[in-house]
């Protein structure tokens, strides 16, 4: 399937958001995911099914001081 992640089109053959996050080694506790304009709750990452044409925005939390 073809999806867009942070403005970049990618080919992805898995099915869940968690599989995508694992592939790119995102730490779920340090990110926020928006799928097609809605926030995905962290507890739903493993069950959130990705489909052809989905648009994801993944934001990392960065500390500073």
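Structure notes:
- Cβ-Cβ distances below 6 Å connect the following pairs, each with a first residue in the stretch 34-53 that is at positive phi and surrounded by 10 or more Cβ atoms within 10 Å (Cβ to Cβ), a second residue that is outside any loop (DSSP other than H, G, I, E, B) and at pLDDT 95 or above, and a separation of six or more residues or different chains: 36/55.
- Subset tally (residues that are touching a helix residue (DSSP H, G or I) at 6+ places or on another chain (Cβ under 8 Å) and farther than 22 Å from residue 13 by Cα) for the stretch 32-65: 2
- Of all the criteria given as (1) out of contact with any strand residue (DSSP E or B) (no Cβ under 8 Å at 6 or more places or on another chain); (2) on the phi > 0 side of the Ramachandran plot; (3) surrounded by 10 or more Cβ atoms within 10 Å (Cβ to Cβ), the one not satisfied by residue 25 is (3).
- Tabulated pairs, the stretch 1-18, first at negative phi and free of Cβ contacts under 8 Å to residues at least 12 places away in the same chain, second assigned to a loop (DSSP other than H, G, I, E, B) and surrounded by 13 or more Cβ atoms within 10 Å (Cβ to Cβ), C-beta under 8 angstrom, 6+ apart or interchain: 11/1
The values are calculated or read from the model by the stated rules, or taken from the named source; none is laboratory data. If you're wondering where the values come from, they're calculated on a predicted model, not measured in any experiment. Here Cβ is always computed from backbone atoms with ideal geometry, including for glycine, and neighbour counts include all displayed protein chains.
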